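Here's the structure we're looking at; comments come further down.
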Amino acid sequence: MENETVSKNFIEQIIEKDVKEGNCEKVITRFPPEPNGYLHIGHAKSILLNYGLAEEFHGQFNMRFDDTNPTKEKVEFVDSIKKDVEWLGAKWHGDVLFASDYFQQMYEAAVTLIRKGKAFVCDLSAEQMREYRGTLTEPGKDSPYRNRSVEENLALFEDMKNGKFADGEKVLRAKIDMASPNINMRDPIIYRVAHMTHHRTADQWCIYPMYDFAHPIEDAIEGVTHSICTLEFEDHRPLYDWVVMELGYKKDVNGTPKQIEFAKLYLNNVVTGKRYIKKLVEDGIVDGWDDPRLVSIAALRRRGFTPESIRKFVELVGVTKAQGAVEYPMLEYCIREDLKLKAKRMMAVLDPVKLIIDNYPEGQVEYMEVSNNQEAPELGMRKVPFTKELYIEREDFMEEPPKKYFRLFPGNEVRLMNAYFVKCVDFKKDADGKITEVHCTYDPATRGGNFTERKVKGTIHWVSATEGVKAEVRLYENIVDEEKGVYNEEDGSINVNPNSLTILKECYLEPELAKAAEDEKFQFVRNGYFCVDCKDSKEGAPVFNRIVSLKSSFKLPN
């Protein structure tokens with residue numbers, strides 16, 4: 001309905017008010033990751049929120065790396081983050097930006113604060129600084145170096161810049177209020193000495209700005225109007241405003257740039273902490289930051305999740321101030337919903353046993369006309385080869401079936417999906433009692449599988465043993481043992497699920513799947529949704545990852 005009122009979240013309401021009251025002419029948002037690791041599902045919420053707000057208000061979305069800490073930053077992480085943001089469909093304005101683009105301006109901003117008597121060089125050690133800081137209930141104490149003259153501070157800061165001091169020997173602190181009830185305002189450090197090679201500026205600098213000082217300056221220089229961040233930065237907002245007000249970037253606390261906080265996206269029973277993932281990688285439990293059992297964006301992409309499914313998930317989670325956690329099945333629900341009308345429904349046998357049709361002509365190959373997806377006729381039809389020898393799932397035959405088992409057993413007739421009715425007449429076992437062959441006869445009159453003159457209760461899928469393609473298939477479960485929880489209380493390690501990966505080497509698939517492209521997704525009938533593994537698949541030796549099983553008990557809340 002055209003006049004239907006769309007409910008806006010609290011951030012949209014703030015921006016709408018700012019636009020209406022003339023606090024900003026053009027809405028500019030940004031996504032500002034630190035390039036010190038791979039992004040995870042929580043970052044997707046921030047990316048899509050910032051990009052979505054810029055789109056909604058016909059504004060601008062900037063992509064900017066907060067590369068102010070060279071100890072942990074790598075070009076590898078920069079490249080992976082750019083790839084993730086592009087994959088999610090967030091299009092940034094102009095060039096990718098970097099905090100390091102503004103190092104000179106940040107240095108000059110620090111000098112401005114010293115000249116105003118609002119910053120001083122401090123010699124206290126980290127331990128002494130903690131002692132002076134006070135507690136949540138007791139005020140801090142002024143540093144003995146707080147009242148250095150402007151001239152002395154300028155000279156010492158220049159010496160810091162010129163490499164005359166060792167790491168940790170001196171810092172530059174903002175001069176605010178050591179009695180503030182907000183600990184972040186108790187003369188916070190705004191610059192430190194760090195003799196480190198930076199991934200972009202090399203050895204040009206040996207002092208680096210702290211995030212809380214750098215971030216508001218970056219926003220102000222770029223004209224960012226609304227700096228959207230997560231709730232842990234709520235107590236840092238007064239410092240953000242202090243920096244942009246003291247430096248003259250805004251005159252009124254209601255003006256822009258303006259920081260707004262929202263609740264982070266937490267998924268239950270998943271690992272997102274960088275140091276934990278690093279340990280999983282180093283211990284060889286996962287095969288990299290993009291292992292499909294993880295929830296890094298790279299891992300979800302390799303697992304087979306689509307950008308549309310992640311966007312749907314973020315939309316369902318919503319934007320609030322209240323912190324909460326979301327169940328992983330909601331994410332699985334979103335990928336099923338996205339793929340059910342997009343994916344071709346193919347036949348793949350993951351635990352094969354041979355089925356031989358005794359009365360079928362030797363050497364004959366018939367091509368059965370099969371719908372790619374009965375719920376989506378626009379996906380068209382395909383031809384699937386049918387032969388005397390087939391593979392079926394091992395669970396689709398039982399020598400002594402229980403009641404209500406309608407698949408193959410001696411004397412029973414079933415429908416081979418899209419092909420013929422077949423009746424079991426015999427079977428063979430090996431010395432260990434394992435079924436090796438199932439023998440059937442077929443009724444040529446039942447071709448196509450829609451024969452109505454007699455009924456059968458069971459339908460099973462199949463793949464030609466001679467025309468099908470052999471493949472490796474990987475079935476994934478949560479890397480975490482959900483019954484024990486994510487972390488071991490005794491040593492802080494991860495409770496790893498020993499069954500998180502099952503590798504099936506002897507699977508048989510329709511021949512068309514040998515040519516599957518990396519970005520294609522398929523439903524394997526009865527087995528779930530699958531994609532080609534982008535890392536380990538090779539021509540002639542495909543590897544498929546299960547994205548998600550077909551069924552779930554998850555229901556959307558009303």
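The slack in the chain from residue 135 to residue 196, taken as 0.36 nm per residue of separation less the alpha-carbon distance, amounts to 18.7 nm.
Among DSSP beta bridges lying fully in the chain, give the percent that are antiparallel, nearest 5.
Percent antiparallel among DSSP bridges in the chain is about 70.
Net charge of the neighbourhood of residue 186, taken over other residues with C-beta under 15 Å away and scored Lys/Arg +1, Asp/Glu -1, is 0.
The convex hull of the Cα atoms of region 472-535, projected and averaged over all directions, covers 6.0 nm².
Seen from residue 487, the other residues with C-beta closer than 14 Å to its C-beta sum to a net charge of -3, counting Lys and Arg as +1 and Asp and Glu as -1. Between residue 125 and residue 104, what FRET efficiency comes out of the Förster formula 1/(1 + (r/R0)^6) with R0 = 25 Å and r the beta carbon distance, rounded to 0.05? With a Förster radius of 25 Å, E is 0.30. Across region 344-548 the C-alpha pair distances fall into 10 Å bins from zero in the proportions 8, 30, 32, 20, 7, 3, 0 percent. Looking at region 14-82, the GluC sites (Glu not before Pro) that sit in a DSSP loop and have at most 12 other Cβ atoms within 10 Å of their own Cβ are 21, 25.
Computed per residue of the chain from DSSP H runs no shorter than four, each worth -39500 (n - 2.57), the mean residue ellipticity at 222 nm is -7500 deg cm²/dmol.
When peptides 522-532, 402-412 are ranked by their average number of other Cβ atoms within 10 Å per residue, the highest-first order is 522-532, 402-412. Is the shape of region 331-392 rounded, prolate or oblate, going by the alpha carbon gyration tensor and its root eigenvalues a ≥ b ≥ c, with a/c under 1.5 for rounded and a/b larger than b/c for prolate? Cα axes put region 331-392 in the oblate bin.
Segment residue 76..residue 406, full-extension length gain: 113.4 nm, with 0.36 nm per residue of separation and the alpha-carbon distance subtracted. Once C-alpha pairs closer than 8 Å and six or more residues apart are averaged by separation and normalised to the residue number of the chain, the relative contact order reads 11 percent.
Relative to the 2.2 N^0.38 Å rule of thumb, the chain has a C-alpha radius of gyration ratio of 1.27.
When all alpha carbon pairs of region 136-274 are counted in 5 Å bins from zero, the resulting P(r) reads 2, 9, 14, 16, 18, 17, 14, 7, 2, 1, 0 %. Legend: distances between Cα atoms for 428/538; 8/342; 45/91; 342/404; 72/278; pairs beyond 24 Å are 428/538; 8/342; 342/404.
Net charge in the neighbourhood of residue 291 (other residues with Cβ under 15 Å of its Cβ; Lys, Arg +1, Asp, Glu -1) is +3.
In nm, what is the difference between 0.36 nm times the number of residues separating residue 146 and residue 515 and their Cα-Cα distance?
Gain on stretching residue 146 to residue 515: 125.9 nm.
Protection proxy ranking for 507-515, 31-39, using the average of other Cβ atoms within 10 Å per residue and placing the highest first: 31-39, 507-515.
Counting other Cβ atoms within 10 Å, keep those with at most 13, restrict to DSSP loop, and tell me which chymotrypsin sites (Phe, Trp or Tyr not before Pro) in region 101-136 are left. Those that pass, being in a loop and sparsely packed, number zero. Let's test the formula: R0 of 56 Å, r as the Cβ-Cβ distance of residue 365 and residue 20. What FRET efficiency results, to the nearest 0.05? That pair, residue 365 with residue 20, gives E of 0.20.
Taken along the Cα-to-beta-carbon direction at a fixed 7 Å, the label points for residue 455 and residue 254 span 7.3 nm. A straight line joining the Cα centroids of region 43-91 and region 466-495 runs 29 Å. Given R₀ = 30 Å, what would the calculated FRET efficiency be for residue 398 paired with residue 308, taking r from the Cβ atoms and rounding to 0.05? That gives a FRET efficiency of 0.15.
Distance between the 7 Å Cα→Cβ label points at residue 503 and residue 189: 4.5 nm.
When only the Cβ of Lys, Arg, Asp and Glu is charged (+1, +1, -1, -1), the dipole of region 344-548 relative to its Cα centre reaches about 860 debye.
All of the numbers you see were taken from the coordinates with simple rules; none came from a lab. Since we're looking at a predicted model, the values are computed, not measured. Here Cβ is always computed from backbone atoms with ideal geometry, including for glycine, and neighbour counts include all displayed protein chains.
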